[in-house]
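Trainee: Take this structure first; my questions come after.
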Amino acid sequence: MPKVYLSPSTQEFNITLSGRPEEYYANLIADAMIPYLEASGIEYGRNTPDMTALSSAQQANSGDYDFYLAIHSNASGEQNAGNTRGAEIYYYPGSVQGRKAAEIFANNYKLIYPLPNLVNVIPLGTLIELNKTRMPAILFETAYHDNQQDLEWLSGNIVRIGRNLALSVADYFGVPFVEPIARGIVTINSGSLNVRRNPNIRSEIVGTLNNGDVISILEAENGWYEISNGNITGYVSSRYIRPLR
């Protein structure tokens with residue numbers, strides 16, 4: 001089976017606007033990926049928060065990993081602090097497989113990131129997790145954590161981001177992407193059920209479901225389910241979903 005090494009940020013000193021370190025959100029994303037990787041038959045290893053970029057790369061090199069995924073969030077330089085949004089996916093210059101992976105991740109991320117034109121693929125040779133790893137590797141800057149809008153999107157879409165990154169891992173390996181087992185069925189009397197971007201009745205509608213549709217339940221939150229159904233991922237009121245055993 002294919003095997004990926006997950007390296008969420010270990011930068012506890014890199015503080016976001018919420019007061020939490022970058023590594024907090026990166027580890028939540030890695031946590032969210034695991035059910036999807038397991039369901040899709042993808043083996044994984046992972047660093048720990050007390051490690052560094054170098055020790056993470058060294059640990060991956062000592063194993064039989066096929067791909068290395070570093071998960072981070074970004075911050076602007078001092079002159080532009082708080083004013084930048086977007087996502088960057090870095091790969092080592094000249095790495096054909098690294099570039100292939102970066103492009104797969106970028107294309108999938110554009111489907112969920114609110115400003116898809118700001119999702120960019122960039123070759124960069126100076127990052128330890130790209131120049132010290134022996135397998136194809138990318139470093140994914142998921143959002144700018146010093147920008148309030150980006151941080152709110154990042155913190156409010158952890159499971160969605162985790163699912164998206166796991167989907168990209170499966171696409172890179174060329175294996176079917178499988179949703180976790182928890183499922184439910186839509187139960188409404190008429191019309192359709194709105195799927196919203198966030199767990200709020202005023203949030204943007206990103207899709208609709210019909211009575212009898214079977215969906216994957218990703219997470220429960222204050223009377224809402226985060227669900228996925230085909231290309232639709234978002235939130236629906238739990239009162240209209242009957243969990244399937």
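The values are calculated or read from the model by the stated rules, or taken from the named source; none is laboratory data. No experiment lies behind these values; they were computed from the predicted model shown. Cβ coordinates were reconstructed from backbone atoms using ideal geometry, including for glycine residues, and neighbour counts include every protein chain displayed. For accessibility, only protein heavy atoms count, side chains too; no ligands or nucleic acids. Shrake-Rupley method; radii C 1.70, N 1.55, O 1.52, S 1.80 Å.
Trainee: Helix-only estimate, please: 222 nm mean residue ellipticity of the chain, summing -39500 (n - 2.57) across DSSP H runs of length 4 or more and dividing by its residues, to the nearest 500.
Mentor: The per-residue figure over the chain is -9000 deg cm²/dmol.
Trainee: For LYS132, LYS100, give me the order by solvent-accessible area with a 1.4 Å probe, most accessible first, ignoring ligands, DNA and RNA.
Mentor: LYS132, LYS100
Trainee: Per 0.36 nm of contour for each residue apart, how much would the distance between THR52 and ASN120 grow if the chain were fully extended, relative to their Cα-Cα spacing?
Mentor: 22.0 nm
Trainee: Please figure out what share of the DSSP beta bridges in the chain is antiparallel and state it in percent, rounded to the nearest 5. Walk me through the numbers before you get to the answer.
Mentor: Working: 28 of 48 bridges.
For the chain, the DSSP antiparallel bridge percentage is about 60.
Trainee: Let me ask something else. Under unit Cβ charges (Lys, Arg +1; Asp, Glu -1), what dipole magnitude, rounded to 20 debye, does the stretch 114-192 have relative to its Cα centre?
Mentor: 300 debye
Trainee: Against the 2.2 N^0.38 Å scaling, with N counting residues, where does the chain land? I'd like the Cα-based Rg ratio to two decimal places.
Mentor: Normalised Rg, Cα atoms only: 1.03.
Trainee: Subtract the Cα-Cα distance of GLU38 and ASN131 from 0.36 nm times their separation in residues, and report this length gain in nm to one decimal.
Mentor: 30.7 nm
Trainee: Between ASP31, ASP146, ASP50, which gets the highest mean-square fluctuation from a Gaussian network model of the chain, Cα cutoff 10 Å?
Mentor: In this elastic network of the chain, the residue with the biggest mean-square fluctuation among ASP31, ASP146, ASP50 is ASP50.
Trainee: Also, quick follow-up: Less than 11 Å from a label point 7 Å out along the Cα-to-Cβ axis of ILE188: which backbone N atoms in the stretch 213-245 qualify, by residue?
Mentor: From the stretch 213-245, the list is 213, 236-237, 240-241.
Trainee: Any idea how far the Cα center of the stretch 161-191 sits from the one of the stretch 51-114, in Å?
Mentor: 22 Å
Trainee: Now a separate question. First check a/c for the stretch 6-54, with a ≥ b ≥ c the square roots of the eigenvalues of its C-alpha gyration tensor; if it is under 1.5, answer rounded, and if not, answer prolate when a/b is larger than b/c or oblate otherwise.
Mentor: The shape class here is oblate.
Trainee: Check TYR68: other-chain or 5+ apart residues with amide H under 5 Å from its amide H, H built from backbone geometry?
Mentor: Amide H to amide H, under 5 Å and 5 or more residues apart or across chains, TYR68 pairs with TYR5, ALA137, ILE138.
Trainee: For the stretch 13-20, in order, what is each residue's ³J(HN,Hα) by Karplus, 6.51 cos²θ - 1.76 cosθ + 1.60 with θ = phi - 60°, in whole Hz (x at glycine and Pro)?
Mentor: Once rounded to whole Hz, the list reads 7, 8, 8, 8, 5, 7, x, 8.
Trainee: To continue, here is another question. Tell me the net charge near ALA26. Cut-off is 13 Å between Cβ atoms, ALA26 excluded, with +1 for each Lys or Arg and -1 for each Asp or Glu.
Mentor: Summing Lys and Arg as +1 and Asp and Glu as -1 gives -4.
Trainee: Taking θ = phi - 60°, what integer Hz values does the Karplus form 6.51 cos²θ - 1.76 cosθ + 1.60 yield along the stretch 190-199, in sequence order, with x for Gly and Pro?
Mentor: Calculated HN-Hα couplings, in order: 7, x, 9, 9, 6, 9, 10, 5, 10, x Hz.
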